[in-house]
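**Q** Would you mind keeping the following structure in view while I ask a few things?
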Amino acid sequence: MADPLKSICDDPLERRWVWISLALAIVMGTMLGYFAVANNLHPPSNVETIDSSRLHLSEEFAEDNLGVKTNPDGSVRVTLVAARYGFYPPRIEVPVDTPVTFRLASADVLHGVHVPNTNMATMVVPGYIAEVSTTFPRTGEYSLLCNEYCGLGHDSMWSRLVVVPKSAGGQS
Amino acid sequence: MMRLMAVLSGMLLFTSVANAGPSSLVAFDLPTLGLLQTADPARGEELASSGKCSKCHGDAGVSDDPEDVNIAGLRASYIYKQLKDYQDKNRDDKDMYKKTRDLDDQQMADLAVWFASQAPASVAADRNADPAVLKLVFNGDPTRLLKACASCHGRDGRGGQFDHPALSGQYPEYFIYTLTEFSEDDRTNDVYSRMRHIAQALTEEEIEALASYYGAAVPEEEE
Amino acid sequence: MKDDKAAGLALANMWVGFIAFLAAAFMGVYQVAERSGVFPAIESPKLYFASVSTHGVLMGFVLTTFVVVGFGYYTATTSLRQAVWNKPLAWLGFCLSISGVLLAAVPLLTGNASVLYTFYPPLMAHPTFYIGAALLVVGSWVWCLQMVMMMAIWKKAHPGETVPLAMFGTTANAILWFITSLGVTSEVLFQLIPWSLGIIDTVDVGLARTLFSWTLHAIVYFWLIPAYVAMYTLLPKAAGGRLASDQMARVAFIMLLVFSVPIGLHHLYMDPFQAAGWKFLHMTGTFMVAVPTLITGFTVIASLEVAGKLRGGKGLFGWIGALPWGNPMVTAAGLALLMLTFGGFGGMINASYAMNAMIHNTQWVTGHFHLIFAGTVVIMYFAIAYYLWPKLTGRQLHSTRLALTQLWLWFIGMLVLTLPWHVLGLDGQPRRISSTPYDQVLVDKWQPNEIAMVIGGIILLVSALMLVYNLMKTHGNAQAETNLEVEYAEPVHAVLRMPPLMNGFGFWCLLVLVYMIASYGYPIAQFFLMDTYGTVPWSI
C-alpha cells in the first residue's frame, strides 16, 4: 500500500517520523481515555452552580454542615468552604485507605486547592461547587494549600488535613 | 415518664444545636450591596445624632474614652453587618440591640456609610514593635495554623473587602475584649468561625501584644 | 530602498518589545529574590504582585506582540518583495497598541491592576487596564489584516506560484492570532470592561475563564510560530545548508493553525464548570498539536544535518561539530531545540487529562512556561534580532562574540531558573505566592531550589542587558553592513507546483471554524442555557 504522505514528503525517514508522531499522539490519547474510563479517573467536572454571595445561608455549605461525615457505606464526605484567606474548617481528619469525596465552594473569589503528595486538587470557582474524590494511602499530616491567586493574602491561605488509621475514625 | 421527658428534651436540645442556624443572616449579595450603594451619609449623620451614638462612639466615631469603641473609618459593609447582626440578635449586646431594634435596613446602611466616611483614629506613636508581634502580624504562626493578621486585615491594618474590619486605631481594651469574646465563643457572628479559630489559637499575652500593635493612641486624661 | 521593506515599522515594533523585555527582566529578578525569603527588607505582597502582573503583561503581551508584528512586517516585505499594503494603517496599528500599553501601564505600576497577566475575575483591576489590553490587541489586528492582504495581493499578481514559505508561516500566524484573540477580546469587551465600569453588576467567572482559555493556548503558538519561521527559513542558509522539506514545514504550519485554538479547555481541566467529556475532547486535540512540533523538530534538525554534511561533517553525529556555531542563529536554534525538548515533555504531562491534577497551579507550571516560552521562543527572538538588526540599520552587528555569550548565558540562566522551578512544583509549592508561611517541613524542602532560582534570575538579567546593549550599539556602529538581503533558505528538493491546500488558508479557516463550534460551542453556550450566579468585583 502506497504511503499517502509520499506526495508531500520526499524523505522516507521523515515519513516514518510523521507516522510515529501521529501514533504517539493517538496512543497517548487512547491510554488516557482507557484509564479515565476504566479507573473513573477524571478531573473535577461536576458542573453544579451555587450562589457564592449567600454561601453560609445555603443548605450544603451552612456552617453546621461543614466538615467530615461518614456515609453508610464507610466512604467519607468532606465539605469545605474556601474564603479569603483560609479553608474552613481549618483542621480535618479522614481515615486512611477510604474513599473521600471533597465538596468545596468559594465564598468570595477564585481559589485553588491541592494537597502536596496526594491526588487531592481542584479549582474552587465562585458560583460553582467543586467535587473531587480520592483515597489517601498513607497516614500523616498534610496541608491543603491555596494555589490560585486570590488577593494579597493568598500566601497565608492554607489548612490542615490529617489522615488517621481507620480504627481512629475521622472528624473535624 | 421521666425517661421520656429526658429523651424528648435531649432531642429538642440536639436539634436546636444541630440546626443552630447561620451565625449571621447578612449576605453581601446584590440587594445588600445595592442598599449600601444608595445609602445616604447625610441621613446617617442625622440618625447618629438622634440615636445618640456619640455617647459611646464619640461625635465622629472616635471616642475620647479609651474604654469605648472606635467605629470611624470602618468599612460600611462591616458596620452594616454588625448593626444587622445586633438587630437579629446574632451578636449579643443589649444596648446595641435596643439601638438597632427599630431601624430598617436602609437606615442601618445610612449609618454605616456615614461612620465609614469619618476619619479613623490613628495608631499610637509608641506602638508595639516587638519582633515577636511583628512576626504574628505579617507571617502568622504555621505551627498553629495561625495566618498573618495582615493577610485579611491588610498590611496597614485598614481591613479588607466586605467583612474584614480595620484593626488599626481601635482602642486596645476593646481589641482585647473582642478577641476574648471570640475565643470564648461569646461572639459568634464571624461566619465560618473565621475569628474564633484564630482567637482560640492565640495566647492571652499575644492578644495583649497585638492590641498594643494595632491600638489607637490613648487620649490624655482630662484634668 | 530600505523604506520599501518597512524597516522603520520593523525596528519600531521590535524595539518596543525589547525595551519592555528589559524592564520586565529587572522585575523578574526582584520577584525571585523576594520570594526566596532571603531578603526580608524587600518582602511586600503589594509590590510583589504588582511586579508579577507587570512582568507578565510585558513579557507575555508586549515583548511578544511587538516582536512578532515587527518581524512579520519585515518578513512580508522581504519574502514577497512587495511594499506594505497600507503603511499609514500599519503605523496606526502600532500607535493603537502602544497607547494600549501605556494606558495599562499606569494602573499596573501603581498597584491598581495586580490581577496578574491572566486577570481572572472576580479580582478586579482599574478599567483602564482592561481598556489598554483591548487596545493592544485591536492594534495587532491591523497587522493581521496587513499580512492577509499582502499575501492575497501577491497571489493575485503571481497566479499559480508558490507563496514563499516565510510568508506562508507568517500569514498562518496572523490568522491564528486573530482567531484566538477573539476569546480574550470577548471576555474583555463584554464582561470585564462593563463590569469594571459598573455598567453590569456581576460576571460569570466560569464564562470568563472559558473565554480566556480560548485564547490561552493558541497565544503561545502566536509567540512560537515566528520562531519556527526563523528556524525553517533563516536558519538553514545561516548554517550553510538547505531546508530539508518545504512541504512538511507547510504541513506543520497548517496543523498548528487548525489544532491550536480548539484545545483551550486543557487549561480548565481542574475547573468544575466544564464537563469531563469536553475536557477529554480538548485533550485529544492537545496531543495532536504536539505533532507539528515533532515534525518541526525533525525538519529543522534534518536541515542542520544537511548543512553539517555540506560543511564536511561525517557519520551519525559528525555533522553537529561541523556546523557554524559562531553564527548566533545556529547557536540560538541549537539551544532552543534543547529547551524545546525539556519543555515539551513537561507540556505533555500538563496535557495528560487527570494527571494534570498532580501539577496544576503548582510552580511546575510556571517553570514549564518559562522554559518553553522564555527559553525556546525568546532565544529565537534574540536570534531574529541579531540576524535582522544589521539589515534593518545598515550597520554591522556590534559584537558577534557578545551575542554568542549572551545566548549561552540565557540558556544556562534559563536552566538554572527553571529546572529547580519544576522540582518546586513537584514538591507541592503553589503558584503565585509571594512568601512561604507554610509548614517548616515544606519550606525547608523548597529553600535550596529558591536560592538556585535567584542565581538563575541574575544570570538572565545580565544576559538581557547584553542583548539590549548589543542592539543599541549596532545602530551607531561605524562599520556598514554590506549584505542587506534577507537570505531565505532554499529547499533541498524544489517544489514545482504546490497544491492549493498548501498554498492558501481558505479551506483551513473553514475547518477551524467547524472544529471551534464543535469543541467550544456547547462549553460556552452552556452558560447561557443554565442558571448561573455571577460574582461582584473583588479588590485584591
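We did not get these values from a lab; they are worked out from the coordinates using the rules stated. Since the model is a prediction, treat every value here as computed from it, not as a measurement. Please note: Cβ atoms are built from the backbone with ideal geometry, for glycine as well, and neighbour counts cover all protein chains shown.
**Q** Write down the Å³ per residue value for the convex hull defined by the alpha carbon atoms of region A:24-73.
**A** Output value, Cα hull per residue: 136 Å³.
**Q** Give the relative contact order (percent, whole number) for chain A; include only Cα pairs under 8 Å separated by 6+ residues.
**A** With pairs under 8 Å counted, the relative contact order is 22 percent.
**Q** Right, something else. Cross-link list B:81/B:135; B:55/B:147; C:237/C:314; C:5/C:309; C:87/C:155; B:99/B:147: which exceed 25 angstrom alpha carbon to alpha carbon?
**A** Those over the limit are B:81/B:135; B:55/B:147; C:5/C:309; B:99/B:147.
**Q** Also, I was wondering about something else. Using only Cα atoms, what is the ratio of the radius of gyration of region C:14-126 to 2.2 N^0.38 Å?
**A** The reported ratio for this selection is 1.29.
**Q** Kindly give Rg over Rh for the protein assembly as shown, based on alpha-carbon atoms, with the Kirkwood expression for the hydrodynamic radius.
**A** 1.02
**Q** Taking the Cα centre of chain A as origin, sum charge times position over the Cβ atoms of Lys and Arg (+1) and Asp and Glu (-1), and report the length of that vector in debye to the nearest 20.
**A** With Lys and Arg at +1 and Asp and Glu at -1, about 320 debye.
**Q** Here's something else I'd like to know. Which net charge results when you count Lys and Arg as +1 and Asp and Glu as -1 among the other residues whose beta-carbon is under 15 Å from that of residue C:525?
**A** Combined, the nearby Lys, Arg, Asp and Glu give -2.
**Q** At 1.306 mPa s and 10 °C, plugging the Kirkwood radius over alpha-carbon pairs of region A:29-172 into Stokes-Einstein gives what diffusion coefficient in µm²/s?
**A** It diffuses with D of about 102 µm²/s by this estimate.
**Q** Let me ask you something else. Could you tell me the center-to-center distance, by alpha carbons, between region A:1-52 and region C:145-166 in angstrom?
**A** Here the two parts' Cα centres lie 34 Å apart.
**Q** If a paramagnetic tag sat 7 Å from the Cα of residue C:445 along the Cα-Cβ line, which residues of region A:132-153 would have the backbone N under 19 Å from that point?
**A** From region A:132-153, the list is A:135-148.
**Q** Relative to the compact globular guide of 2.2 N^0.38 Å, what is the alpha carbon radius of gyration of chain C, as a ratio?
**A** So the Cα radius of gyration is 0.94 times the expected 2.2 N^0.38 Å.
**Q** Which of the listed residues, C:502, C:476, C:438, is farthest toward the dipole's positive end in region C:435-540, when Lys, Arg count +1 and Asp, Glu count -1 at the beta-carbon?
**A** It is C:502, whose Cα lies furthest towards the positive end.
**Q** Right, here's the next one. If exposed trypsin sites (Lys or Arg not before Pro) are those in a DSSP loop with at most 12 other Cβ within 10 Å, what is the longest stretch of chain C that has none?
**A** Answer from the scan: C:82-313.
**Q** For region B:65-223, what does the equivalent ellipsoid look like in terms of its semi-axes, each the square root of 5 times an eigenvalue of the Cα gyration tensor, given largest first in whole Å?
**A** 25, 19, 15
**Q** Just how large is the dipole of the protein assembly as shown about the Cα centre, in debye to the nearest 20, putting +1 at every Lys and Arg Cβ and -1 at every Asp and Glu Cβ?
**A** For the protein assembly as shown, the charge dipole is close to 4680 debye.
**Q** Starting from the Kirkwood Rh over alpha-carbon pairs, what translational D in µm² s⁻¹ does region A:20-105 have by Stokes-Einstein at 37 °C and 0.692 mPa s?
**A** So the translational diffusion coefficient is about 208 µm²/s.
**Q** While we're looking at this one, here's another question. Ranked by Cβ crowding within 10 angstrom, fewest neighbours first, how are A:146, B:53, B:152, C:95 ordered?
**A** Exposure proxy ranking, most exposed first: C:95, B:53, B:152, A:146.
**Q** Counting GluC sites (Glu not before Pro) as exposed when in a DSSP loop with at most 15 other beta carbons within 10 Å, what is the longest stretch of chain C free of them?
**A** C:162-484
**Q** Follow-up. Would you work out which of A:39, A:67, A:167 lies farthest towards the positive end of the dipole of chain A? Charges go on Cβ: Lys and Arg +1, Asp and Glu -1.
**A** The listed residue farthest towards the positive side: A:167.
**Q** Under a Cβ-Cβ cut-off of 13 Å, what is the net charge of the residues other than residue A:78 that fall near it, where Lys and Arg count +1 and Asp and Glu count -1?
**A** That sum, taken over residues with Cβ under 13 Å, equals +2.
**Q** Translational diffusion coefficient, Stokes-Einstein: compute it for region C:63-102 using the Kirkwood radius over C-alpha pairs as Rh, at 25 °C and 0.890 mPa s, and state it as an integer in µm² s⁻¹.
**A** Answer from the Stokes-Einstein relation: 227 µm²/s.
**Q** Roughly how tilted is helix A:12-38, in degrees to the nearest 10 and between 0 and 90, from the longest Cα axis of chain A?
**A** Relative to chain A, helix A:12-38 is tipped by roughly 30 degrees.
**Q** Now for a different question. Please report the spacing between the Cα centers of region B:137-170 and region C:39-55 in Å, no decimals.
**A** 18 Å
**Q** Additional query: For region C:72-187, which semi-axes, largest first and in whole Å, follow from the square roots of 5 times the eigenvalues of its Cα gyration tensor?
**A** Those come to 34, 14, 10 Å.
**Q** Pick out, from C:164, B:134, A:25, the residue whose Cα sits farthest towards the positive end of the charge dipole of the protein assembly as shown, with +1 on the Cβ of Lys and Arg and -1 on the Cβ of Asp and Glu.
**A** C:164
**Q** Determine the dipole magnitude for region C:62-219: charges of +1 sit on the beta-carbon of Lys and Arg, -1 on that of Asp and Glu, nothing else is charged, the reference point is the Cα centre, and the result goes in debye to the nearest 20.
**A** In debye, rounded to 20, region C:62-219 gives about 500.
**Q** Still on this model: Out of the chymotrypsin sites (Phe, Trp or Tyr not before Pro) in region B:148-207, which ones are loop residues according to DSSP with at most 13 other C-beta atoms within 10 Å?
**A** Here no chymotrypsin sites (Phe, Trp or Tyr not before Pro) fit, given the DSSP loop and packing criteria.
**Q** For region A:75-116, count all C-alpha to C-alpha pairs, find those more than 15 Å apart, and express that count as a whole percent of the total.
**A** Counting pairs separated by more than 15 Å, the tail of P(r) holds 45 percent.
**Q** Next question. In terms of the ratio Rg/(2.2 N^0.38 Å) built on C-alpha atoms, what value belongs to region C:451-540?
**A** Here the answer is 2.16, to two decimals.
**Q** By a straight-distance test (C-alpha under 14 Å), which aspartates and glutamates pair with residue C:445 as possible cross-link partners, with residues fewer than eight away in the same chain excluded?
**A** Reachable aspartates and glutamates: C:427.
**Q** OK, next. How long are the three semi-axes of the equivalent ellipsoid for region C:291-440, computed from the Cα gyration tensor as the root of 5 times each eigenvalue, in whole Å, largest first?
**A** 34, 20, 13
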